[in-house]
């Protein structure tokens, strides 16, 4: 079989079946060898193994005993005795423990034996036996039948029981998501949706498809990113189906997916906020505190981006008060990440912008701690990106490097493309600031390209501002101005306002370093101050005031510089160990001397 390329080696050196292998027509020599081994069996032994072959390469003694209508103990003696030690056709794999009993597992010593025996059954025999095996397994595992959902789906499919096959493919998809086997989950959900087309149109079928489409969204997002076309198609299909039914409990979940899709994938923040009205109507009708918590979460990323910072913090606090990580962690498998953990991160970003760096840092640290306690890989990757953003805001280089290492590892291992793009970008930033400028900037561009390849539109006004900072610090002023120009385009296109003040400030700093007109630079700093005050973004106001104060100092206007900086600095009540506030204090001392 190897010589004929019916068996080939994969990339890891393992033997697998080749593309031309047909199990029903094995080479004559192989067929003869197997027939010779099987011919040695008694009629009872052959019947036993033939029925075992229906379950698969691995089979269960308790299932086989019911098929044969014999005692399990007697059957185990046969399997572990003559069929194992004498004929070497099967071997004991071990015991699987369930709540009230244990399951005895066996393996065919070679899959060729199982295939040969299975192919000896005709289509009618197979259909009836698969139905029996499925029913026995279903009853045997009871409440734990999700553990064998893949096998059950196969048996009911082969038996032509499509409704049961769909049920267990759905369970198999959910189980795969819980195990972070997202590619496998996609296969199960796709198959279930295909089978669903064979069922007649009924309200029950519509409900079933809504549930499948919504669960399908999560593995699609985790493998292809939030903006993958299949994600949008699944959510839109779920919404269309919801509209066909007057009342469905899945409508709430569908609206949440729609709102987060518009906010995270498309950067359509106002559209996301518009969905909040529909979501709130449902919450008012149900009075469900968990739905209230989820509703609060849905708005906060959109609110941060449109610079409604105080409202962001209020919604984040509502979610924090209602959300219990121990009780509500299951939502990570419905929406793709732990809502409570990410809520805390988003709220922290708004807190920093509003001028509360100590509280912001504390909330992010707590979010990271909760993420690791929960152990959900995608939540961990997501929260580590949030931690890297906070480290940048705080000027915490050491923390940034620590979080970056973890982010790189987990996003690469789990195939989270969008988060891996962030990791590549941050690594490039680190290299550039350590002196490997060309290599670092190239990696930053590579990171941006990876993120853009996913189709996700959010975050770029901030990332491009970070790019401009690197160019400013490394003396690439024209490149920095180009980055700010692109960031401003993103801001205007998507109404992504929260970095607007920083855009004006950085443009002023870049022009100043180029030796451009200082009046124009002062005007840009004033714009930054005005915008930050309108948004009540005290941290960005402090940066803008410091930039203006340094320029006023060089112009011999130390008193004016001291006065404007002192007013802003005196507002702060915490975070005096952070980079910006330490820099502001040092500058005040210079201006006062």
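The values are calculated or read from the model by the stated rules, or taken from the named source; none is laboratory data. Owing to the predicted nature of the structure, the values given are computational and were not obtained by experimental measurement. Cβ: placed from backbone, ideal geometry, glycine included. Neighbour counts: every protein chain shown.
Taking the stretch 176-192 as the range and being crowded, with 20+ Cβ neighbours inside 10 Å and without any contact (Cβ under 8 Å) to a residue 40 or more places away in the chain as the test, the residues that pass are 185, 186, 188, 189, 192. Scanning for something at pLDDT below 95, on the phi < 0 side of the Ramachandran plot and in a helix (DSSP H, G or I), does the stretch 381-391 turn up at least one residue? No, the stretch 381-391 has no match at all. Mind checking whether some residue in the stretch 371-383 is surrounded by fewer than 23 Cβ atoms within 10 Å (Cβ to Cβ), out of contact with any helix residue (DSSP H, G or I) (no Cβ under 8 Å at 6 or more places or on another chain) and either in contact (Cβ under 8 Å) with a residue 24 or more places away in the chain or farther than 19 Å from residue 332 by Cβ (or both)? Within the stretch 371-383 (the criterion being surrounded by fewer than 23 Cβ atoms within 10 Å (Cβ to Cβ), out of contact with any helix residue (DSSP H, G or I) (no Cβ under 8 Å at 6 or more places or on another chain) and either in contact (Cβ under 8 Å) with a residue 24 or more places away in the chain or farther than 19 Å from residue 332 by Cβ (or both)), the answer is no, since none of the residues qualifies.
Would you mind stating whether residue 5 is more than 25 Å from residue 126 (Cβ to Cβ) and in contact (Cβ under 8 Å) with a residue 24 or more places away in the chain? Answer is no for this residue. Restricting 500, 509, 536, 520 to residues that are within 23 Å of residue 459 (Cβ to Cβ), surrounded by fewer than 18 Cβ atoms within 10 Å (Cβ to Cβ) and in contact with a helix residue (DSSP H, G or I) (Cβ under 8 Å, 6 or more places away or on another chain) narrows the list to 536.
The sole residue among 17, 12 that is under 38 Å from the mean Cα position of the chain (by Cα), over 19 Å from residue 108 (Cα atoms), surrounded by fewer than 14 Cβ atoms within 10 Å (Cβ to Cβ) and assigned by TED's automatic domain parsing to the domain that holds residue 112 is 12. Which of the residues belonging to the stretch 148-177 are out of contact with any helix residue (DSSP H, G or I) (no Cβ under 6 Å at 6 or more places or on another chain) and closer than 22 Å to residue 96 by Cα? Selection gives 151, 154, 174.
Residue under question is residue 230, and the condition is that it be within 17 Å of the chain's Cα centre (by Cα), touching a residue at least 60 places away in the same chain (Cβ under 8 Å) and over 20 Å from residue 153 (Cα atoms); does it hold? So residue 230 does not fit the description; no.
So for the stretch 73-87 (the condition being part of a helix (DSSP H, G or I), assigned by TED's automatic domain parsing to the domain that holds residue 17 and either within 44 Å of the chain's Cα centre (by Cα) or under 19 Å from residue 154 (Cβ atoms) (or both)), does at least one residue qualify? Taking every residue of the stretch 73-87 in turn, none turns out to be part of a helix (DSSP H, G or I), assigned by TED's automatic domain parsing to the domain that holds residue 17 and either within 44 Å of the chain's Cα centre (by Cα) or under 19 Å from residue 154 (Cβ atoms) (or both). Of the residues contained in the stretch 65-85, one or more are found to be over 21 Å from residue 191 (Cβ atoms), touching a residue at least 60 places away in the same chain (Cβ under 8 Å) and touching a helix residue (DSSP H, G or I) at 6+ places or on another chain (Cβ under 7 Å).
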